[in-house]
Amino acid sequence: MASTLPGAGSRPEQTLALNMRLLAHHELQGFGGIGEGMGMQITRDQRRVLWLAHESAPKNFTAVDVTDPRSPKVVVQTELPHAKVRSNSLDIVGDTMIVAYQTREVGMKPAGFDIFDIGTPEAPRLVSHFDASGPHSRGVHAVWFVDGEFVHMAGGAADFTPTHPADDQFYRIVDVRNPSRPVEAGRWWYPGTRVGDSAPPPQRMEPKFDLGFRAHNTNVFPERPDRAYIGYIDGGAVILDIADKANPKLVTIWRYSPPFNGFCHTVLPLFDRGLLIVSDECVRDDGGDWPKLVRVVDARMETNLVPIATFPLAPYNTFAHRGGRSGAHNLHENLPVPASWRSDRIILGTFFNQGVRAYDISDPYQPREAAYFVPGAPKMSPAGAVQLNDVYVDDRRIVYTVDRFIGGLYILEMTI
Amino acid sequence: MQAGSLGAGADPLASRLPVTVITGFLGSGKTTLLSRLLRHPDMNRAAVIINEFGEVGIDHELVEASSEQMTLLSNGCLCCTVRTDLQETLRELFVKRRSGEVIDFDRVFLETSGLADPAPVLHSLASDGLLGAQYRLNGVVTLVDAVNGMGSLDTMPEAAKQAALADRLVVTKTDIADAAVIEALEARLRAMNPYALISRAVDGMLDPDTLREITPASVKAMTQDPNRWLAGAGAELAPGERASYLGQRLARKNGVHDAAIHSFCLWFDAPFTWDALTASLQVLTALRGPDLLRVKGIVNVEGEPGPVVIHGVQHIFHPPMKLERWHDADRRSRIVFIVRNIPRASIESLFGAVGTLGASTGGP
């Protein structure tokens, strides 16, 4: 079988699937560009509402009733105050939702996060705003909120002057136990990234891959409330001791770029197995930063992280030039909330034009591709191919994944 | 936390593409059946691996696209030929599927050549780790020609083996055979392999749906009804000689002598230890592997919450599959044997001896 079948070559409009079935597709009323904020609320009347943060203006967030995953219905869709702000990230505990705001330029507002009461999903009520704006701040890029008490986030601050303009968003902890008056509880930044630090600024990546020493995902789990697991972009994977939130202490930094091409995005701990799953974010089109990987890291000794495997890559020839970005991005993060599926054997992630993919890591040394779904290019897709950006798996094992630009929400069933 | 269990892993059945092996002696009607199957509207997203395109005679108007070794039919069925070896063909098909070069087929039908012993194909699926990660055996479908089947079974050991290995037996050409001959043939097949479901097909007319889920499509489905997999025909699994006794009587009555190949179900009241089960199967395959045509069992193993499914063809066993729970109150182990020239009593005594050995050495 040396030759390929004429006409059946890999085309961006082609849908590819293994062990995943499309249950429904929703274009979100023509605003189908979603960022990396997905959270599920189980309402008091037992509806399941999926909240999605848009990737860019004009929309802020959209709530979709997915009680029947075959028949999703938009509950509410909200607007941003102006075109130079985006929400991108959100998280939910009970009826409380945190929504991030990041501005295009420093010094703009709103830059921080909002706290909403979503007890009535049709009419979200703003409770308060946490301001993270400043002369060197673009606000908040990503939030983590799973305990109802503290928001862990990647954000700037009015009093923070970075040594390099791309290093403006660091790790911040905000106490929201009184939701009408959120207050900062602690912070940590990469040594050398703040003016006045005794450490020298970190060695930057070569210019084409220099994306900054910023925090991205800042995950804290109830299994280890004294640890924060942070993807620190070009700084690599960072583990902090946050037993004293006011004074986070560095446990370890694992920096693997260079030689790799930077942008550490998520550090997902699998506590019972002594593993971390570390994902990159692909940020260049047309295979420009290939390979962007997901790594399995032995974390039994947290001060000596040892990579032991990478998730098998999708085929370069099929995807690198299929359109847009092609490589790792968000993982389903085993959120410790009732509506989230949790697995330390099956890990799902989005890979832009490679779709959503599930890997079986029962053998951590040999991760195996277990399922995937690559939607055909959405109508009028500016990238010419799908760009799946984020994924959420609910406790029914239903998979929700979103396109970065226009395709909206895809709801899938895993048959593995 | 009520959320899903952290340990949830992949389902070894549902996560692999099912392969249905279609076998049958020369002239048994495989080609006719395959030509029909290929054209069936329900065969969309099926990949069919055949020996020669020429044989099945695909009409040009049915062809959507084709290359030297592959043809995409207008109903969405992918048809390809084996040029190198089968393992290579299956591997390449999966790679092409993954890269979008062929349709994302969800099942595979595999034709073996008429003279072929299907056992090596089954061995490949069980023992080739790379292949086993992507594919699983759905079942063996053996075609038997109503006109010439008796003769083939009499004279060709391969034909008898094909019938003995089957999960589904399809008697073909029943429109041109004498009713008495068909009945005699079916009785003889039942005698050899009472656990396979027998159906009839005239002119290759067989609903592809009847070939679906010969093995349940997921561990969950298997857990609900493992006996259906063990004995698709609903043959008696009850202890005692009934199945084989009846079979032998029928065989004698019909004037044939297939006593060489026979089948029975052994029941075990006490649970096995892993050591005893493994040792018994090892001894059995070492001593009588070539004559152990097929072994399928649901076994109670100490310390396991549900039964363990075992499945072997001659000397090769699939990795045992653990079910989550028992489907009914009967916790006895039951193992179906389809064997050649092995008396039931010798297998019984072997299990007894190895079991005793396990006990006397004070196993865990």
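The values are calculated or read from the model by the stated rules, or taken from the named source; none is laboratory data. Keep in mind the model is a prediction, meaning the values are calculated, not measured. Methodologically, a virtual Cβ is constructed for each residue, glycine included, from the backbone with ideal geometry; neighbour enumeration extends over all protein chains shown.
Odds and ends about this structure:
- When B:231, B:217, B:196 are checked against the criterion of being in contact (Cβ under 8 Å) with a residue 12 or more places away in the chain, touching a strand residue (DSSP E or B) at 6+ places or on another chain (Cβ under 8 Å), within 14 Å of chain A (Cβ to nearest Cβ) and over 19 Å from residue B:34 (Cα atoms), a single residue qualifies: B:217.
- Residues (free of Cβ contacts under 8 Å to residues at least 60 places away in the same chain and more than 26 Å from residue A:396 (Cβ to Cβ)) located in region A:318-364: A:320, A:321, A:326, A:327, A:363
- Some residue of region B:96-109 being more than 14 Å from every other protein chain (Cβ to nearest Cβ), crowded, with 23+ Cβ neighbours inside 10 Å and either touching a Phe, Trp or Tyr at 6+ places or on another chain (Cβ under 6 Å) or closer than 14 Å to residue B:16 by Cβ (or both): no
- Scope region B:119-157; condition touching a strand residue (DSSP E or B) at 6+ places or on another chain (Cβ under 7 Å), in a helix (DSSP H, G or I) and farther than 30 Å from residue B:177 by Cα; matching residues: B:121, B:122, B:123, B:125, B:126, B:127, B:133, B:134
- The residues of region A:303-320 that are surrounded by fewer than 17 Cβ atoms within 10 Å (Cβ to Cβ) and either part of a loop (DSSP other than H, G, I, E, B) or modelled with pLDDT under 95 (or both), listed by number, are A:303, A:304, A:312, A:315, A:316, A:317.
- One residue from B:184, B:180 being touching a residue at least 24 places away in the same chain (Cβ under 8 Å) and out of contact with any Lys or Arg (no Cβ under 6 Å at 6 or more places or on another chain): B:184
- Taken over region A:197-244, the residue count meeting the criterion of being among the hydrophobic types (A, V, I, L, M, F, W, C), closer than 21 Å to residue A:258 by Cβ and part of a loop (DSSP other than H, G, I, E, B) is 5.
- For region A:161-189, a residue qualifies if it is of a type in the set (Phe, Trp, Tyr) and in contact (Cβ under 8 Å) with a residue 60 or more places away in the chain, and the qualifying residues are A:171, A:188.
- Test for residue A:259: is it without any contact (Cβ under 8 Å) to a residue 60 or more places away in the chain, on the phi < 0 side of the Ramachandran plot and within 14 Å of chain B (Cβ to nearest Cβ): no
- At least 3 residues being within 14 Å of chain B (Cβ to nearest Cβ) is the threshold, and among the strands (runs of 3 or more DSSP E) wholly inside region A:1-105 those reaching it are A:16-18, A:20-26, A:34-42.
- Residue within region A:349-366 that is more than 15 Å from residue B:100 (Cβ to Cβ), crowded, with 23+ Cβ neighbours inside 10 Å, of a type in the set (S, T, N, Q) and more than 10 Å from chain B (Cβ to nearest Cβ) present: yes
- Single match in B:270, B:260 (criterion: in the same structural domain as residue B:338 (by TED's automatic domain parsing), surrounded by fewer than 15 Cβ atoms within 10 Å (Cβ to Cβ) and modelled with pLDDT under 85): B:260
- The listed residue being assigned by TED's automatic domain parsing to the domain that holds residue B:42 and within 14 Å of residue B:34 (Cβ to Cβ), out of B:102, B:95, B:108: B:108
- For region B:50-95, a tally of residues being away from chain A (no Cβ under 12 Å) and surrounded by 21 or more Cβ atoms within 10 Å (Cβ to Cβ) returns 3.
- When residue A:133 is tested against (1) surrounded by fewer than 18 Cβ atoms within 10 Å (Cβ to Cβ); (2) in contact with a strand residue (DSSP E or B) (Cβ under 8 Å, 6 or more places away or on another chain), only condition (1) is not met.
- Tally, over region A:367-391, of residues that are away from chain B (no Cβ under 12 Å) and not charged (D, E, K, R): 13
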